[in-house]
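Data first, discussion second: the structure below is written as C-alpha cells.
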Amino acid sequence: MHRPRTFLSPGYQDNLGWGYATALGAQHARGDVPVVSINGDGGFLYTGNELATAMRHKIPLVAIVFADGAFGNVRRIQEEQFGNRLIAADLANPDFVKYAESFGAAGRRAGDAAALRTALREAVAAREPTLIEVPVGAMPSPWEFILMSRVRGR
C-alpha cells in the first residue's frame, strides 16, 4: 500500500475470517486496483468458500494463505501462558492449491520468499481469482515487535 486509504485491517487480534471476505468486497469495489488478501490458514477457512463468489463474478482477488496447520496465535498463547495445555488449536487443512482449483480458481504454492514474489507478480498480472499457499512453521509473537516500534517512536 503506497497511498492513503489502501490498507484495510481490523488489527492484529481481528475476527477470524474477516480478511478474505473483506478483500473480496474491496476488490469488487475497486476493480481497477489489484487487491491482495493476506491470511492465516485458520482465518481463511472461515470464508474460503467465497472463492465461489470470486469465480462467479470474475473478481480477480489474490489471496495469500500462510499455512501453519493451526490457529497459530491461539496455539502460541496456550503454549506460553497455559503450560502447553493445548485445545482446539490445531487444524486439518486441505491442500489449498487443490481447494482453489476445485472452484476453478488458480492455485499456487510458494515455498520461500522468492517463490512468493514470483507467484504474486504472476497472479496480479493474470487478473483472475488466485490463491497462493505458503507453508510455514510457527510464527513468532508480534507483540515484542509492536512494543519495540513504540519505544522507538514508529
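Just so it is clear, none of the values below were taken in a lab; they were calculated from the coordinates. These figures come from a predicted structure and were not determined experimentally. Note that each Cβ is placed from the backbone with ideal geometry, even for glycine, and that neighbours are counted across all protein chains shown.
Nearest 0.05, what FRET efficiency do Arg117 and Asn84 give at R0 = 41 Å with Cβ-Cβ as r?
Values: r = 35 Å, r/R0 = 0.87.
Calculated transfer efficiency: 0.70.
Just rank His28, His57, His2, fewest to most, by other beta-carbon atoms within 10 angstrom. Intermediate results must be reported in sequence, preceding the final value.
On the way: His28 16, His57 11, His2 5.
Lowest count first: His2, His57, His28.
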For this session: Have a look at the DSSP beta bridges in the chain and tell me what percent are antiparallel, nearest 5.
Result: 5
Seminar exercise, completed: Taking Lys and Arg as +1 and Asp and Glu as -1, residues besides Glu79 with C-beta under 15 Å from its C-beta add up to 0
Exercise. When only DSSP loop residues count, what chymotrypsin sites (Phe, Trp or Tyr not before Pro) in the range 1-50 have their Cβ near at most 12 other Cβ atoms within 10 Å?
Worked result: Phe7, Tyr12
Problem set entry | the chain: relative contact order as a whole-number percent, Cα under 8 Å and 6+ apart | 22
Exercise. If you build a Gaussian network model of the chain, linking Cα atoms that sit under 10 Å apart, which residue out of Pro135, Pro60, Pro94 swings the most?
Worked result: Pro94
Seminar exercise, completed: Neighbours of Ser141 by Cβ distance under 14 Å: Lys/Arg at +1, Asp/Glu at -1, summed charge -2
Seminar exercise, completed: Protection proxy (average C-beta count within 10 Å per residue), highest first, orders 142-150, 116-124 as 116-124, 142-150
For this session: Would you work out which of Pro10, Pro135, Leu86 lies farthest towards the positive end of the dipole of the chain? Charges go on Cβ: Lys and Arg +1, Asp and Glu -1.
Result: Pro10
Problem set entry | Helix-derived mean residue ellipticity, 222 nm - over the chain, DSSP H n ≥ 4, -39500 (n - 2.57), to 500 | -12000 deg cm²/dmol
Exercise. Over the chain, one equal point on each Cα, no solvent: what is log10 I(q)/I(0) by the Debye formula at q = 0.14, 0.16, 0.19 Å⁻¹?
Worked result: -0.74, -0.94, -1.24
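In debye, nearest 20, what is the charge dipole magnitude of the range 30-137 about its Cα centre with +1 on Lys and Arg Cβ and -1 on Asp and Glu Cβ, if you could check?
Values: 12 positive and 13 negative charges, 55 e Å.
Using Cβ point charges on Lys, Arg, Asp and Glu, the range 30-137 gives about 260 debye.
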Problem set entry | Dipole in debye (nearest 20) - the range 72-134, about Cα centre, beta carbon charges: Lys, Arg +1; Asp, Glu -1 | 120
For this session: Measure out, as a whole number of angstrom, how far apart the alpha-carbon centroids of the range 72-130 and the range 7-51 sit.
Result: 13
